[in-house]
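Written out below as structure tokens is the structure these notes cover.
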Amino acid sequence: MLPGRSSLPPSLPPLQSEPSAAGRPRAGGSRTMRGRTRRRIALLALALLATAGVSFRHDLFEKRVVVLAPGQLVRGAWQRPRPLRRLIARERIRTIVTLTAINTHDPKYVDQQRVVRQTGVDWIIVPMRGSTATIEQLAEAADLLADPARQPVFFHCVGGHHRTNLALAAYRIRHQGWSADRAWEELERFPWTEPEDQFDDRRLIEAFAASPFARPEESQNGSRPDRASGPRRVGLGDDRGLGPGGLALDDRQRGRH
């Protein structure tokens with residue numbers, strides 16, 4: 001050892017401690033968040049495009065339209081103006097039977113009234129509510145469908161499902177002598193009829209078949225629908241339209257059609 005030199009080894013720089021896992025910055029975290037945000041935006045965009053696509057499709061194409069008997073009966077959902085005009089012209093529709101209570105300010109009502117005025121067809125509303133109907137309303141609807149002076153008839157509710165199914169079944173039972181089971185078997189063949197429909201729709205069809213309204217001759221002297229539930233003709237020049245009892249429906253009733 002040289003004179004004047006310490007025997008101690010030179011000091012080493014202090015050790016740098018490793019950051020803990022909890023405090024260590026995670027390089028992939030921000031990328032994961034950005035990826036999730038992009039996926040959410042993409043899903044939202046797809047949902048908006050799908051909604052716009054459905055709306056555009058219904059503007060162009062008929063919704064749930066089925067010709068049951070050429071020159072007599074056509075069923076369907078509520079149509080947009082363009083497909084409704086096309087349907088009226090192609091099937092030579094003479095009468096539209098609407099199976100729902102609807103506010104006269106509803107855009108669907110306004111659009112259909114415009115087409116009715118332009119084409120000159122007759123328009124009758126049977127104000128069924130809540131995707132169902134009374135026994136009396138089913139009999140009234142069946143009679144409208146069976147009237148040769150009104151045919152060809154286009155009958156519809158909003159979705160072309162429950163109330164339209166019920167009216168068709170009532171027509172089959174009341175005017176063609178079908179059983180409730182046979183009428184239901186026909187409805188089951190439509191793709192929009194669902195298994196759970198048996199709990200309400202099928203039971204109502206069976207109740208109708210068991211009632212005096214199942215045969216026209218048996219119900220002629222029976223009870224008749226009152227003004228609040230019976231059919232109403234919509235006049236071509238009537239801006240108010242006709243709801244139950246001949247009055248326009250208020251907003252509370254509108255939400256129940």
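The values are calculated or read from the model by the stated rules, or taken from the named source; none is laboratory data. On a predicted model such as this, the values are computed, not experimentally measured, just so you know. Quick reminder, even Gly has a Cβ in these numbers, built from the backbone with ideal geometry, and neighbours come from all protein chains shown.
Quick rundown of the values:
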| item | result |
| --- | --- |
| Contacts under 8 angstrom Cβ, first residue in the stretch 136-151 being in a helix (DSSP H, G or I) and buried (at least 19 other Cβ atoms within 10 Å of the Cβ), partner at pLDDT 95 or above and among the polar types (S, T, N, Q), 6 or more apart | 144/95 |
| Residue satisfying all of: in the stretch 107-129; in a loop (DSSP other than H, G, I, E, B) and over 15 Å from the mean Cα position of the chain (by Cα); surrounded by the fewest Cβ atoms within 10 Å (Cβ to Cβ) among these | 120 |
| Members of the stretch 78-92 found to be crowded, with 19+ Cβ neighbours inside 10 Å and among the hydrophobic types (A, V, I, L, M, F, W, C), listed by number | 78, 84, 87, 88 |
| Any hit, the stretch 186-193, residues being within 25 Å of residue 147 (Cα to Cα), at pLDDT 95 or above and in a loop (DSSP other than H, G, I, E, B) | yes |
| Pair list, Cβ < 9 Å and 6+ apart or interchain, from the stretch 71-88 residues that are β-branched (Val, Ile, Thr) to residues that are in a helix (DSSP H, G or I) and surrounded by fewer than 18 Cβ atoms within 10 Å (Cβ to Cβ) | 88/119 |
| Where residue 132 falls short, out of the listed (1) among the β-branched types (Val, Ile, Thr); (2) assigned to a loop (DSSP other than H, G, I, E, B); (3) surrounded by 15 or more Cβ atoms within 10 Å (Cβ to Cβ) | (3) |
| Single residue of 73, 99 found to be in contact with a Ser or Thr (Cβ under 9 Å, 6 or more places away or on another chain) and under 24 Å from residue 148 (Cβ atoms) | 99 |
| Every residue from the stretch 113-145 that is touching a Phe, Trp or Tyr at 6+ places or on another chain (Cβ under 6 Å) and among the small types (Gly, Ala, Ser) | 139, 142 |
| Pair list, Cβ < 6 Å and 6+ apart or interchain, from the stretch 202-215 residues that are over 13 Å from residue 187 (Cβ atoms) to residues that are part of a helix (DSSP H, G or I) and polar (S, T, N, Q) | 212/219; 213/219 |
